[in-house]
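These notes are about the structure you will find just below.
The values are calculated or read from the model by the stated rules, or taken from the named source; none is laboratory data. The model shown is predicted, which means the values in this text are computed figures rather than measured ones. So basically every Cβ, Gly included, is an ideal-geometry build from the backbone, and we count neighbours across all protein chains shown. Note: accessible area is taken over every heavy atom of the protein model, side chains too, but ligands, DNA and RNA are not part of it. Shrake-Rupley method; radii C 1.70, N 1.55, O 1.52, S 1.80 Å.
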Amino acid sequence: MPGWLEVALRATIGLFFVLFASKLFVRKPVSHLTYFEWIAMAAVAIIVAVGSIGLAIPPMYVIIALFIWTFVPYLLGLLSMKSKTVRNVVGGKGIPFIKDGKVLEDNLKKQRYSTDELLTQLRSKQVFKVADVEFAVLEPTGDINVLLKKEYQPLTANDMKMPVAPIKQPETIIMDGKILDEPLATLGFNRKWLEIELDKIGVAIENVYVGQVDSYGELTVDLFDDKLQVPKPQEKPLLLASIKKCQADLEAFALQTESQQAKKMYSNSSKDMERVLTQMTKYLK
(Lines give C-alpha, C1' and ligand atoms only; values in the text may rest on other atoms or scores of the structure.)
Protein backbone atom coordinates (compact mmCIF):
# COMPACT_ATOMS: atom_id res chain seq x y z
CA MET A 1 0.00 0.00 0.00
CA PRO A 2 1.39 3.44 -0.90
CA GLY A 3 2.50 5.52 2.09
CA TRP A 4 0.15 8.42 1.36
CA LEU A 5 -2.84 6.08 1.18
CA GLU A 6 -1.93 4.43 4.49
CA VAL A 7 -1.62 7.85 6.15
CA ALA A 8 -5.03 8.87 4.74
CA LEU A 9 -6.59 5.60 5.93
CA ARG A 10 -5.08 5.86 9.41
CA ALA A 11 -6.09 9.51 9.76
CA THR A 12 -9.67 8.78 8.67
CA ILE A 13 -10.03 5.88 11.10
CA GLY A 14 -8.45 7.99 13.86
CA LEU A 15 -10.85 10.83 13.14
CA PHE A 16 -13.88 8.58 13.55
CA PHE A 17 -12.38 7.03 16.68
CA VAL A 18 -11.92 10.48 18.27
CA LEU A 19 -15.52 11.29 17.36
CA PHE A 20 -16.66 8.09 19.09
CA ALA A 21 -14.37 8.57 22.09
CA SER A 22 -15.57 12.14 22.67
CA LYS A 23 -19.05 10.74 23.36
CA LEU A 24 -17.68 8.74 26.28
CA PHE A 25 -16.41 11.82 28.09
CA VAL A 26 -18.74 13.98 30.17
CA ARG A 27 -20.17 16.98 28.34
CA LYS A 28 -18.77 20.02 30.11
CA PRO A 29 -16.63 23.03 29.20
CA VAL A 30 -12.89 22.41 28.82
CA SER A 31 -12.27 24.84 31.67
CA HIS A 32 -14.30 22.57 33.98
CA LEU A 33 -12.35 19.39 33.19
CA THR A 34 -10.20 17.90 35.92
CA TYR A 35 -6.48 17.58 35.21
CA PHE A 36 -6.85 13.82 34.74
CA GLU A 37 -9.66 14.25 32.19
CA TRP A 38 -7.72 16.92 30.32
CA ILE A 39 -4.56 14.78 30.15
CA ALA A 40 -6.57 11.74 29.00
CA MET A 41 -8.18 13.71 26.17
CA ALA A 42 -4.83 15.21 25.16
CA ALA A 43 -3.22 11.76 25.19
CA VAL A 44 -5.92 10.35 22.87
CA ALA A 45 -5.41 13.24 20.44
CA ILE A 46 -1.61 12.77 20.45
CA ILE A 47 -1.86 9.00 19.93
CA VAL A 48 -4.21 9.49 16.98
CA ALA A 49 -1.98 12.18 15.45
CA VAL A 50 1.25 10.21 15.87
CA GLY A 51 -0.40 6.95 14.83
CA SER A 52 -1.68 8.58 11.63
CA ILE A 53 1.76 9.49 10.28
CA GLY A 54 3.97 7.05 12.18
CA LEU A 55 3.93 4.29 9.57
CA ALA A 56 6.63 2.38 11.43
CA ILE A 57 4.22 1.92 14.38
CA PRO A 58 2.07 -1.21 13.94
CA PRO A 59 -1.64 -0.29 13.78
CA MET A 60 -2.40 -2.77 16.59
CA TYR A 61 -0.12 -0.87 18.96
CA VAL A 62 -2.03 2.33 18.22
CA ILE A 63 -5.37 0.58 18.80
CA ILE A 64 -4.23 -0.87 22.14
CA ALA A 65 -2.98 2.53 23.34
CA LEU A 66 -6.21 4.24 22.27
CA PHE A 67 -8.30 1.56 23.97
CA ILE A 68 -6.45 2.02 27.28
CA TRP A 69 -6.50 5.85 27.21
CA THR A 70 -10.18 5.95 26.28
CA PHE A 71 -11.92 3.19 28.20
CA VAL A 72 -9.90 3.31 31.43
CA PRO A 73 -10.87 6.98 32.08
CA TYR A 74 -14.44 6.07 31.10
CA LEU A 75 -14.53 3.21 33.63
CA LEU A 76 -12.95 5.42 36.29
CA GLY A 77 -15.66 7.98 35.60
CA LEU A 78 -18.35 5.35 36.21
CA LEU A 79 -16.64 4.25 39.44
CA SER A 80 -16.37 7.88 40.56
CA MET A 81 -20.15 8.17 40.41
CA LYS A 82 -20.50 5.29 42.90
CA SER A 83 -17.49 5.85 45.18
CA LYS A 84 -16.43 9.08 46.85
CA THR A 85 -12.97 7.59 47.49
CA VAL A 86 -12.41 6.96 43.78
CA ARG A 87 -13.84 10.41 43.01
CA ASN A 88 -11.35 12.06 45.36
CA VAL A 89 -8.43 10.09 43.91
CA VAL A 90 -9.32 10.69 40.25
CA GLY A 91 -10.73 14.21 40.34
CA GLY A 92 -9.43 15.50 43.64
CA LYS A 93 -11.45 17.46 46.18
CA GLY A 94 -11.91 21.06 47.12
CA ILE A 95 -9.14 22.65 49.18
CA PRO A 96 -10.18 25.59 51.42
CA PHE A 97 -7.96 28.64 50.99
CA ILE A 98 -9.88 31.17 53.11
CA LYS A 99 -12.11 30.54 56.10
CA ASP A 100 -13.84 33.21 58.22
CA GLY A 101 -11.80 35.90 56.47
CA LYS A 102 -8.47 34.20 57.32
CA VAL A 103 -6.09 32.88 54.68
CA LEU A 104 -5.04 29.25 55.27
CA GLU A 105 -1.36 29.57 54.42
CA ASP A 106 -0.59 25.86 54.90
CA ASN A 107 -3.10 24.88 52.23
CA LEU A 108 -1.67 27.49 49.88
CA LYS A 109 1.82 26.04 50.30
CA LYS A 110 0.62 22.46 49.75
CA GLN A 111 -0.96 23.48 46.45
CA ARG A 112 2.06 25.66 45.51
CA TYR A 113 -0.23 28.69 45.29
CA SER A 114 1.29 32.12 45.83
CA THR A 115 -0.45 35.02 47.54
CA ASP A 116 -0.41 37.00 44.28
CA GLU A 117 -2.20 34.15 42.46
CA LEU A 118 -4.83 33.99 45.21
CA LEU A 119 -5.44 37.75 45.08
CA THR A 120 -5.64 37.63 41.28
CA GLN A 121 -8.29 34.90 41.46
CA LEU A 122 -10.25 36.89 44.06
CA ARG A 123 -10.15 40.01 41.89
CA SER A 124 -11.55 37.98 38.99
CA LYS A 125 -14.54 37.30 41.27
CA GLN A 126 -14.89 41.06 41.99
CA VAL A 127 -13.48 40.59 45.50
CA PHE A 128 -10.71 43.01 46.50
CA LYS A 129 -10.58 42.50 50.26
CA VAL A 130 -9.68 39.16 51.87
CA ALA A 131 -11.48 40.10 55.09
CA ASP A 132 -14.80 40.27 53.17
CA VAL A 133 -14.58 36.56 52.30
CA GLU A 134 -16.41 34.01 54.45
CA PHE A 135 -15.10 30.99 52.56
CA ALA A 136 -12.97 30.37 49.47
CA VAL A 137 -12.15 26.93 48.07
CA LEU A 138 -9.87 25.70 45.30
CA GLU A 139 -11.92 23.32 43.13
CA PRO A 140 -10.47 20.26 41.33
CA THR A 141 -10.81 22.19 38.05
CA GLY A 142 -8.41 24.86 39.34
CA ASP A 143 -11.12 27.51 39.83
CA ILE A 144 -11.54 29.32 43.13
CA ASN A 145 -15.12 29.76 44.33
CA VAL A 146 -15.80 32.49 46.84
CA LEU A 147 -18.58 33.02 49.39
CA LEU A 148 -18.73 36.56 50.74
CA LYS A 149 -19.75 37.32 54.28
CA LYS A 150 -23.47 37.91 54.63
CA GLU A 151 -23.14 41.68 55.08
CA TYR A 152 -21.18 41.98 51.82
CA GLN A 153 -23.45 39.83 49.64
CA PRO A 154 -25.76 41.56 47.13
CA LEU A 155 -29.22 42.33 48.45
CA THR A 156 -31.91 39.99 47.07
CA ALA A 157 -35.69 40.11 46.92
CA ASN A 158 -35.76 37.33 49.52
CA ASP A 159 -33.71 39.49 51.92
CA MET A 160 -36.26 42.28 51.45
CA LYS A 161 -39.18 39.85 51.90
CA MET A 162 -40.49 41.03 48.54
CA PRO A 163 -42.59 38.64 46.44
CA VAL A 164 -41.37 38.29 42.87
CA ALA A 165 -42.98 36.75 39.83
CA PRO A 166 -41.69 33.33 38.75
CA ILE A 167 -39.69 33.26 35.53
CA LYS A 168 -39.87 30.40 33.06
CA GLN A 169 -37.87 29.70 29.93
CA PRO A 170 -39.25 31.57 26.91
CA GLU A 171 -40.28 29.49 23.93
CA THR A 172 -38.87 30.24 20.48
CA ILE A 173 -41.79 30.19 18.05
CA ILE A 174 -40.15 31.84 15.00
CA MET A 175 -36.69 31.01 13.69
CA ASP A 176 -35.17 32.26 10.44
CA GLY A 177 -38.55 33.57 9.32
CA LYS A 178 -40.30 30.22 9.81
CA ILE A 179 -42.99 29.43 12.38
CA LEU A 180 -42.28 26.57 14.81
CA ASP A 181 -45.69 25.04 15.42
CA GLU A 182 -44.73 22.66 18.24
CA PRO A 183 -43.55 25.27 20.80
CA LEU A 184 -46.41 27.55 19.70
CA ALA A 185 -48.91 24.80 20.51
CA THR A 186 -47.13 24.07 23.81
CA LEU A 187 -47.93 27.62 24.90
CA GLY A 188 -51.57 27.13 23.92
CA PHE A 189 -51.45 29.53 20.95
CA ASN A 190 -51.94 29.13 17.21
CA ARG A 191 -50.83 30.84 14.00
CA LYS A 192 -53.84 33.15 14.03
CA TRP A 193 -52.82 34.52 17.43
CA LEU A 194 -49.27 34.99 16.16
CA GLU A 195 -50.45 36.89 13.08
CA ILE A 196 -52.52 39.22 15.28
CA GLU A 197 -49.57 39.89 17.59
CA LEU A 198 -47.27 40.62 14.64
CA ASP A 199 -49.86 42.95 13.12
CA LYS A 200 -49.88 44.95 16.36
CA ILE A 201 -46.19 45.79 15.91
CA GLY A 202 -46.38 46.01 12.12
CA VAL A 203 -44.01 43.15 11.29
CA ALA A 204 -44.33 40.37 8.71
CA ILE A 205 -43.38 36.81 9.68
CA GLU A 206 -40.80 36.48 6.90
CA ASN A 207 -38.93 39.52 8.28
CA VAL A 208 -38.52 37.97 11.76
CA TYR A 209 -35.18 36.31 12.51
CA VAL A 210 -36.13 35.11 16.01
CA GLY A 211 -39.45 35.37 17.80
CA GLN A 212 -39.97 34.32 21.42
CA VAL A 213 -42.90 34.20 23.81
CA ASP A 214 -42.39 34.35 27.57
CA SER A 215 -44.48 32.60 30.21
CA TYR A 216 -46.85 35.58 30.34
CA GLY A 217 -47.68 35.38 26.66
CA GLU A 218 -45.65 38.43 25.61
CA LEU A 219 -44.08 38.26 22.15
CA THR A 220 -40.65 39.73 21.42
CA VAL A 221 -38.99 39.62 18.00
CA ASP A 222 -35.60 40.25 16.42
CA LEU A 223 -35.65 41.25 12.76
CA PHE A 224 -33.26 40.41 9.93
CA ASP A 225 -32.79 44.16 9.35
CA ASP A 226 -31.05 45.48 12.47
CA LYS A 227 -31.75 49.07 11.45
CA LEU A 228 -35.49 48.68 11.98
CA GLN A 229 -36.80 49.51 15.45
CA VAL A 230 -39.51 47.21 16.80
CA PRO A 231 -41.91 48.85 19.27
CA LYS A 232 -41.96 47.23 22.68
CA PRO A 233 -45.14 45.34 23.71
CA GLN A 234 -47.53 47.63 25.60
CA GLU A 235 -50.10 45.12 26.91
CA LYS A 236 -48.64 44.86 30.42
CA PRO A 237 -48.12 48.63 30.99
CA LEU A 238 -51.62 49.36 29.65
CA LEU A 239 -53.21 46.71 31.87
CA LEU A 240 -51.34 48.02 34.92
CA ALA A 241 -52.43 51.58 34.13
CA SER A 242 -56.05 50.42 33.75
CA ILE A 243 -56.00 48.72 37.16
CA LYS A 244 -54.53 51.85 38.76
CA LYS A 245 -57.22 54.00 37.11
CA CYS A 246 -60.01 51.69 38.31
CA GLN A 247 -58.69 51.83 41.86
CA ALA A 248 -58.40 55.61 41.75
CA ASP A 249 -61.92 55.98 40.27
CA LEU A 250 -63.46 53.80 42.99
CA GLU A 251 -61.71 55.84 45.66
CA ALA A 252 -62.97 59.06 44.06
CA PHE A 253 -66.55 57.71 43.86
CA ALA A 254 -66.40 56.87 47.58
CA LEU A 255 -65.49 60.48 48.38
CA GLN A 256 -68.04 62.04 46.05
CA THR A 257 -71.19 60.07 46.91
CA GLU A 258 -73.44 61.12 49.78
CA SER A 259 -75.01 57.68 50.21
CA GLN A 260 -73.39 55.85 53.08
CA GLN A 261 -74.24 52.49 51.55
CA ALA A 262 -72.67 53.45 48.21
CA LYS A 263 -69.70 55.04 50.00
CA LYS A 264 -69.06 51.77 51.86
CA MET A 265 -69.43 49.73 48.65
CA TYR A 266 -67.01 51.95 46.71
CA SER A 267 -64.54 52.02 49.60
CA ASN A 268 -64.51 48.23 49.93
CA SER A 269 -64.17 47.82 46.17
CA SER A 270 -61.30 50.32 46.15
CA LYS A 271 -59.48 48.32 48.85
CA ASP A 272 -60.06 45.10 46.90
CA MET A 273 -58.68 46.70 43.75
CA GLU A 274 -55.68 48.00 45.72
CA ARG A 275 -54.91 44.44 46.84
CA VAL A 276 -55.20 43.25 43.24
CA LEU A 277 -52.87 46.07 42.18
CA THR A 278 -50.31 45.06 44.82
CA GLN A 279 -50.38 41.42 43.71
CA MET A 280 -50.31 42.13 39.98
CA THR A 281 -47.67 44.87 39.89
CA LYS A 282 -44.79 42.35 40.12
CA TYR A 283 -46.17 40.53 37.07
CA LEU A 284 -46.97 43.57 34.93
CA LYS A 285 -43.85 45.73 35.48
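Can you give me the distance in nm between label points at Ile57 and Asn88, each placed 7 Å from the Cα along the Cα-to-Cβ direction?
3.7
Based on the alpha-carbon gyration tensor of segment 53-168, what equivalent-ellipsoid semi-axes (square roots of 5 times the eigenvalues) come out, in whole Å, largest first?
Listed largest to smallest, the semi-axes of segment 53-168 are 41, 22, 15 Å.
Can you give the accessible area of Phe20, probe radius 1.4 Å, in Å² rounded to 10?
Spelled out: Phe20, probe radius 1.4 Å, area about 110 Å².
Would you mind checking which residues have amide H under 5 Å from Leu138's amide H? H placed 1.01 Å from N; only 5 or more apart, or other chain.
Placed amide hydrogens put Ile95, Phe97 under 5 Å from Leu138.
Exactly which GluC sites (Glu not before Pro) in segment 105-201 are in a DSSP loop and have at most 12 other Cβ atoms within 10 Å?
none
Heavy-atom accessible area of Met81 with all protein chains present, probe 1.4 Å, nearest 10 Å²?
Rounded to the nearest 10, that gives 150 Å².
Filter the cross-link list Lys82/Lys150; Lys99/Lys125; Lys161/Lys271; Lys200/Lys227; Lys129/Lys282 down to pairs whose alpha-carbon distance in this structure exceeds 24 Å.
Violating the 24 Å Cα-Cα cut-off are Lys82/Lys150; Lys129/Lys282.
Using a Förster distance of 30 Å, how high is the FRET efficiency between Asp214 and Arg275, based on the Cβ-Cβ distance and rounded to 0.05?
Approximately 0.75, to the nearest 0.05.
Choose one of Trp69, Leu148, Ile196: the residue whose Cα lies farthest towards the positive end of the charge dipole of the chain (beta-carbon charges +1 Lys, Arg; -1 Asp, Glu; about the Cα centre).
The residue sitting farthest along the positive end of the dipole is Leu148.
Can you compute the modelled spin-label distance between Leu104 and Lys236, with each label point 7 Å from Cα toward Cβ, in nm?
Here the answer is 4.4 nm between the modelled labels.
I'd like the FRET efficiency for Val72 and Trp4, computed as 1/(1 + (r/R0)^6) with the beta carbon distance as r and R0 of 25 Å, rounded to 0.05.
Efficiency computed from Cβ-Cβ geometry: 0.15.
Tell me, in nm to one decimal, what length is gained between Val50 and Glu117 on full extension, where the rule is 0.36 nm per residue of separation less the Cα-Cα distance? Display every interim value, and only then the final one.
Details: separation 67, 0.36 × 67 = 24.12 nm, distance 3.60 nm.
Between Val50 and Glu117, full extension yields 20.5 nm more.
Note the angle between two axes, namely the Cα long axis of helix 115-124 and the longest principal axis of the Cα atoms of the chain, as a number of degrees from 0 to 90, rounded to the nearest 10.
In the chain, helix 115-124 runs at an angle near 40 degrees to the longest axis.
Give the span of segment 233-278's Cα atoms along each principal axis, as three whole-Å numbers ordered largest to smallest.
Taking max minus min along each principal axis of the Cα atoms, segment 233-278 gives 42, 17, 9 Å.
Length gain on complete extension for the stretch Lys125 to Ile205, per 0.36 nm per residue less the alpha carbon to alpha carbon distance?
Details: separation 80, 0.36 × 80 = 28.80 nm, distance 4.28 nm.
The Lys125-Ile205 span can extend by a further 24.5 nm.
For Phe135 and Leu187, what is the calculated FRET efficiency with R₀ set at 45 Å and r taken between the beta-carbons, to the nearest 0.05?
E between Phe135 and Leu187, to the nearest 0.05, is 0.60.
If I fit a long axis through the Cα atoms of helix 35-53 and take the longest principal axis of the Cα atoms of the chain, what angle between them do I get, 0 to 90°, rounded to 10?
The two axes meet at around 50 degrees.
Assigning unit charges at the beta carbon (Lys, Arg +1; Asp, Glu -1) and nothing else, what dipole magnitude in debye, to the nearest 20, does the chain show about its Cα centre?
1040
Please give the helix 235-256 orientation as an angle from the longest Cα principal axis of the chain, in degrees from 0 to 90, rounded to the nearest 10.
30
Relative to the present Cα-Cα distance, how much length would full extension add between Val164 and Met265 at 0.36 nm per residue of separation?
33.3 nm
From the C-alpha gyration tensor of the chain, pull out the three semi-axes of the equivalent ellipsoid (sqrt of 5λ each), sorted largest to smallest, in whole Å.
Computed over the chain, the values are 58, 34, 16 Å.
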